[in-house]
Amino acid sequence: MKTNEVPQEKGVLSSVSKEVQYALDENGRYQQVMSDGWETKDIVNGLSWEVIKEQAEEARERIEQGKSSPILYYMRINQMTIGLLASYMDISKLKVWWHLKPIGFKRLKNKRLLQYAKVFGITKEKLQSPDFKWEPPTEAGS
């Protein structure tokens, strides 16, 4: 894409920020170009958040049925796998898998609960008593 072809459509965040795009200048070199957004990108991002929202709802149902711990919900809204969460927690995938079980979660020590809460960008209390009010994670929780 050339610098004069960078989309300047009013995106979701265009009122608060612009984003950097890279495009070729007239000499064929990549340059940074500020963009107001791109409708296509907004549509794709919106669809992705809908999928994440559905996964979070399924997690909520499993938690309420006593089949999973609240860790599953926060994994879903933060788009994490067991492996990724294990690496952030610096523990084995098997331990994360165990903590996803209600019995494993109930046996977690305060230190580990605080560690999970920090990874998810929430408080320990919110982890232990999730309100399941849908809101995409903040930068700290991503």
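The values are calculated or read from the model by the stated rules, or taken from the named source; none is laboratory data. Because the structure is a prediction, the values reported are computed rather than measured. No Cβ is skipped: glycine too gets one built from the backbone with ideal geometry, and neighbour counts run over all protein chains shown.
Taken over region 30-47, the residue count meeting the criterion of being under 15 Å from K2 (Cα atoms), loosely packed, with under 14 Cβ neighbours inside 10 Å and at pLDDT 80 or above is 1.
Let's see how each residue does on (1) farther than 30 Å from K2 by Cβ; (2) outside any helix (DSSP H, G or I); (3) modelled with pLDDT of 95 or more; (4) touching a Leu at 6+ places or on another chain (Cβ under 9 Å):
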| position | (1), (2), (3), (4) |
| --- | --- |
| G28 | no, yes, no, no |
| Q55 | yes, no, no, no |
| Y88 | yes, no, yes, no |
| Y116 | yes, no, yes, yes |
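Determine whether region 121-128 contains at least one residue that is crowded, with 18+ Cβ neighbours inside 10 Å, assigned to a loop (DSSP other than H, G, I, E, B) and at pLDDT below 95. Yes, region 121-128 contains at least one residue that is crowded, with 18+ Cβ neighbours inside 10 Å, assigned to a loop (DSSP other than H, G, I, E, B) and at pLDDT below 95. Output the residues belonging to region 45-74 that are under 16 Å from V96 (Cβ atoms) and free of Cβ contacts under 8 Å to residues at least 12 places away in the same chain. The answer is R62, and nothing else.
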